[in-house]
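The values are calculated or read from the model by the stated rules, or taken from the named source; none is laboratory data. As the structure is a prediction and not an experimental result, all values here were calculated from the model. Because the Cβ atoms are built from the backbone with ideal geometry, glycine has one as well, and the counts that use them run over all protein chains shown. Note: areas computed on protein heavy atoms with side chains; ligands, DNA, RNA excluded. Shrake-Rupley method; radii C 1.70, N 1.55, O 1.52, S 1.80 Å.
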Amino acid sequence: MRKKPNFVTMNEKSRISVVINTYNAEEHLERVIDSVKGFDEVLVCDMESTDRTLDIARSHDCRIITFERKHYNIVEPAREYAIHQAKYDWVLVVDADELVTPELKDYLYRRINTSDCPDGLFIPRKNYFMGRFLHCHYPDYILRFIRKDKTHWPPLVHSTPEVDGRVEKIPAHEEQLALIHLANDSVADILRKTNQYTLNELDRKRHRHYGTLSFLFRPFFRFFKTYILKGGFRDGKPGFIKSVLDGYYQFVFLAKKYEQEQS
């Protein structure tokens, strides 16, 4: 007897909402919105931008909602709010500096029309620094495709959404399915973000204690992991510089943690 195909009928075809969280995101937003045309909904959740972000979103007929920035200085609570405001059960969360490839769009629609589709998908992401694609930061998996009724996004910096169900990863070798991260941060950008992100991380790790040797081993291991284990040596000078900056991040966090404990 011939096996039936593992697809649901076209009448049961699910739809996808794209959620884009924004705050003063005019630099890349036009390209980002262009990359998600063809999805069933594009929802922009804005945290009270003061630049042209909202004008760009309106010009593309995006649905716009507002999340008051005064309540939080991180994006995660706005993501939790936005995904549950989306019209459709399947939600693709995209940053305002990330592009969705046509291949990824087609792949997601194929997956939601199979009976074995998971409740969440980790998507690989391509990152760039000093104009070069960084092998050491690929596949940089992020959980961005989810069923909204099975998802909670914790209000913690750099947190991953919690999905009540099965989660899978898109294979890293399928590079055409990766999100493209447009941000090509300068060293100054990374230093600024290091200061902000380490401040946010202090609250998340306030109950942890790090010994004196951590000041030596954690920064060195982060450099070693990025440069050797993840292949930063293949990325030339930009790979070496980024590896050092990754180690520096760990040192700054530990220094702030020690300072906090002494106060």
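Restricting the stretch 69-88 to residues that are over 14 Å from the mean Cα position of the chain (by Cα), at pLDDT below 90 and not aromatic (Phe, Trp, Tyr) leaves a set whose member that is nearest to residue 48 (Cα to Cα) is 69.
Those residues that are in a loop (DSSP other than H, G, I, E, B) and crowded, with 17+ Cβ neighbours inside 10 Å, I need them from the stretch 98-117; list them, please.
Of everything in the stretch 98-117, those that are in a loop (DSSP other than H, G, I, E, B) and crowded, with 17+ Cβ neighbours inside 10 Å turn out to be 100, 117.
From the list 251, 223, 215, the one residue that fits, being under 23 Å from residue 139 (Cα atoms) and without any contact (Cβ under 8 Å) to a residue 60 or more places away in the chain, is 223.
Of 161, 154, 139, which residue is closer than 21 Å to residue 249 by Cα and in contact with a strand residue (DSSP E or B) (Cβ under 8 Å, 6 or more places away or on another chain)? It would help to see each step written out before you state the result.
Working: 161 fails: closer than 21 Å to residue 249 by Cα; 154 fails: closer than 21 Å to residue 249 by Cα.
Matching residue, one of 161, 154, 139: 139.
Exactly one residue out of 64, 33 is of a type outside the set (Asp, Glu) and assigned to a strand (DSSP E or B), and it is 64. Residues in the stretch 36-74 that are over 19 Å from residue 84 (Cα atoms), open to solvent by 20 Å² or more (accessible area, probe 1.4 Å) and β-branched (Val, Ile, Thr): 50 only.
Residues checked against (1) of a type in the set (A, V, I, L, M); (2) under 26 Å from residue 129 (Cα atoms); (3) open to solvent by less than 50 Å² (accessible area, probe 1.4 Å):
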| position | (1), (2), (3) |
| --- | --- |
| 147 | no, no, no |
| 155 | no, no, no |
| 159 | no, yes, yes |
| 164 | no, no, no |
| 177 | yes, yes, yes |
| 182 | yes, yes, yes |
| 185 | no, yes, yes |
| 188 | yes, yes, no |
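Of all residues in the stretch 69-87, those that are within 21 Å of residue 149 (Cβ to Cβ) have Cβ atoms under 6 Å from Cβ atoms of residues that are open to solvent by 10 Å² or more (accessible area, probe 1.4 Å) and among the hydroxyl-bearing types (Ser, Thr, Tyr), 6 or more apart or on another chain, in 76/159.
Scanning the stretch 17-33 for residues that are touching a residue at least 40 places away in the same chain (Cβ under 8 Å) and either hydroxyl-bearing (Ser, Thr, Tyr) or farther than 10 Å from residue 51 by Cβ (or both) returns 17, 18, 19, 20, 21, 22, 23, 28, 31, 32.
Restricting attention to the stretch 134-145, the residues that are open to solvent by 20 Å² or more (accessible area, probe 1.4 Å) and under 19 Å from residue 74 (Cα atoms) total 1.
Being in contact with a Leu (Cβ under 7 Å, 6 or more places away or on another chain) and among the charged types (D, E, K, R) narrows it down to one of 52, 125, so name that one.
Going through 52, 125 in turn, just one is in contact with a Leu (Cβ under 7 Å, 6 or more places away or on another chain) and among the charged types (D, E, K, R): 125.
If only residues of the stretch 190-224 that are open to solvent by less than 40 Å² (accessible area, probe 1.4 Å) and charged (D, E, K, R) are counted, the one that is farthest from the chain's Cα centre (by Cα) is 205.
Counting the residues of the stretch 225-263 that are surrounded by 13 or more Cβ atoms within 10 Å (Cβ to Cβ), within 24 Å of the chain's Cα centre (by Cα) and either assigned to a helix (DSSP H, G or I) or basic (Lys, Arg) (or both) gives 22. Whether a residue is touching a residue at least 60 places away in the same chain (Cβ under 8 Å) and under 15 Å from the mean Cα position of the chain (by Cα) was assessed, and residue 121 does not pass this test.
Of everything in the stretch 75-93, what is surrounded by 14 or more Cβ atoms within 10 Å (Cβ to Cβ) and of a type outside the set (A, V, I, L, M, F, W, C)? Give them in sequence order. Scanning the stretch 75-93 gives 76, 77, 79, 80, 81, 84, 85, 88, 89.
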